[in-house]
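Each reported figure results from applying straightforward, stated rules to the coordinates on display, with no laboratory input. Keep in mind the model is a prediction, meaning the values are calculated, not measured. Ideal geometry is used to build each Cβ from the backbone, glycine not excepted, and the neighbour counts take in all protein chains shown.
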Ligand SMILES: Cc1cc2nc3c(=O)[nH]c(=O)nc-3n(C[C@H](O)[C@H](O)[C@H](O)COP(=O)(O)OP(=O)(O)OC[C@H]3O[C@@H](n4cnc5c(N)ncnc54)[C@H](O)[C@@H]3O)c2cc1C
């Protein structure tokens, strides 16, 4: 098999990899994205995306607000002890399925000329003569001066790169289902239960997404998904009422395990990482997709600052690391802190009481969960 050559190789065609592919291809570079899976497909994700991404996505000719998303401006919260609060979101969000969103980003990248190769899980990378050499699971080889890792929250590539966050022993599982029924379309709800929390919000086509994160040992202790739902999640009255009155659309829920929130770095061994591969934000902060777009934007800007000249790669990587420290690092730390308060009996009640007593504190935390609008590079 002849080696496939390009200017940029991106491992992982999720939000971060595909947005970066659109950006760099639009700049005139030849981009190849290697994606382990296929499009379209459902993904474990709350499918709630902050509108901070819109200015940048529009500049890349990615008008996702034209994909008939649901507009969300109201937030509801319930604690393990069944306390409730409701407030407005200071920045509107969109409800859009990953089934539709990822496919759209992929098709737009292809229209610009990028090559997106499916079923091409990257197994290894090494550098030789200023080139990155990549091998996928079929044995196909690729080479490019630029290589970006956008492989999401966990991948065999993390083991290949010997990334320190793999030592984190606190493991979480993520579960997602779509439902049909009545739902206040403008509302995202976050309901706590022992060991985790569930987000509920609408997506296009009249569907309602329920996505939850739970500590894996809690799920195992209950004996699986169904008993966990009945024994633990149903203690939250809002969740019980939702499950009783809505009809699942999927035959089986989608589930992923092995999720770790340990700290990561956006640059390691001279390789830039974007999206979840650079740091995983706690989902109750709801904005991992926006952070994925933001990291793609930051790396795009850093590469642009050296005119995409590979010989100035170190300067670009330093610029990316510095910008990431300013715009991303703090949000990840705050999300870990807030996540620790939820899913714990008693503490989520206290946090909710605190939020009711100090509405400005709640507004502050909600405002920190998103960033300023991501503006196109001048
Ligand atoms: C339970 C849960 C709920 C969430 N809810 C929300 C929410 O409501 N809103 C929000 O904004 N964010 C949410 N998130 C976070 C959001 O899903 C992620 O932050 C976002 O998908 C990150 O995009 P990404 O491109 O970095 O990774 P991904 O979208 O995961 O893409 C990574 C891609 O890389 C591919 N890949 C992996 N390894 C390889 C390899 N070796 N070679 C080639 N390809 C590879 C994968 O197949 C995948 O397609 C949630 C996360 C969880 C766990």
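Roughly speaking, what is the stretch gain from residue 226 to residue 185, that is 0.36 nm per residue apart minus the C-alpha to C-alpha distance, in nm to one decimal?
Separation in residues times 0.36 nm, less the Cα-Cα distance, equals 12.1 nm.
If I model a spin label as a point 7 Å beyond the Cα along the Cα-Cβ vector, how far apart are those points for residue 90 and residue 156 in nm?
It works out to 4.5 nm between the two label points.
By counting other Cβ atoms within 10 Å of each Cβ, how are 1, 289, 177 ranked from fewest to most?
The most exposed by this proxy come first: 1, 177, 289.
So, in nm, how far is label residue 363 from label residue 350 when the simple model puts each one 7 Å beyond its Cα toward the Cβ?
Between residue 363 and residue 350, the simple spin-label model gives 2.6 nm.
State, as an integer percentage, the relative contact order of the stretch 197-250 based on alpha-carbon contacts under 8 Å between residues 6 or more apart.
So the answer I get is 18 percent.
Could you let me know the centre-to-centre spacing of the stretch 112-141 and the stretch 15-84, using Cα atoms, in angstrom?
24 Å
Which order do the peptides 150-156, 107-113, 135-141 come out in when sorted by mean C-beta neighbours inside 10 angstrom, highest first?
Per-residue mean Cβ counts within 10 Å order the peptides as 150-156, 107-113, 135-141.
Extension gain residue 5-residue 306, at 0.36 nm per residue separation less the Cα-Cα distance, in nm?
106.2 nm is the gain from fully extending residue 5 to residue 306.
Fewest first, what order do 245, 80 take by the number of other Cβ atoms within 10 Å?
245, 80
Relative to the present Cα-Cα distance, how much length would full extension add between residue 66 and residue 340 at 0.36 nm per residue of separation?
The residue 66-residue 340 span can extend by a further 95.0 nm.
Between residue 124 and residue 269, with labels modelled 7 Å along Cα→Cβ, what's the label distance in nm to one decimal, could you check?
1.1 nm
Counting residues in the stretch 74-180 as N, plug N into 2.2 N^0.38 Å and put the Cα Rg over that result.
For the stretch 74-180, the normalised Cα radius of gyration comes out at 1.56.
So, by mean Cβ neighbours within 10 angstrom, what's the order for 13-26, 38-51, 85-98, 219-232 with the highest one leading?
13-26, 38-51, 85-98, 219-232
What percent do you get for the relative contact order of the stretch 115-267 when only Cα pairs under 8 Å and 6+ apart count?
25 percent
When the chain is treated as a GNM, springs tying every alpha-carbon pair under 10 Å, which of 81, 195, 354 comes out with the largest mean-square fluctuation?
Looking only at 81, 195, 354, the largest GNM fluctuation is found for 354.
Along the principal axes of its C-alpha atoms, what lengths does the stretch 1-99 span, in descending order and rounded to whole Å?
Extents along the principal axes, in whole Å: 61, 28, 19.
Would you look at the GNM of the chain, springs on alpha carbons closer than 10 Å, and say which of 321, 339, 356 moves the most?
356
On a 0 to 90 degree scale, rounded to 10, what angle separates helix 359-368 from the longest Cα axis of the chain?
The angle comes out near 20 degrees.
Running a GNM on the chain with Cα contacts under 10 Å, which residue among 172, 364, 320 ends up with the highest mean-square fluctuation?
Most flexible of the set in this elastic network: 364.
Could you grab the relative contact order for the stretch 12-101? Cα pairs under 8 Å, six or more apart, rounded to a whole percent.
After rounding, I find 31 percent.
How big is D for the chain, in µm² s⁻¹ as a whole number, if Stokes-Einstein is applied with the Kirkwood radius of its Cα pairs at 4 °C and 1.567 mPa s?
For these conditions, the coefficient is 61 µm²/s.
So what's the convex hull volume per residue for the Cα atoms of the stretch 267-357, in Å³?
With only Cα atoms used, the stretch 267-357 gives 91 Å³ per residue.
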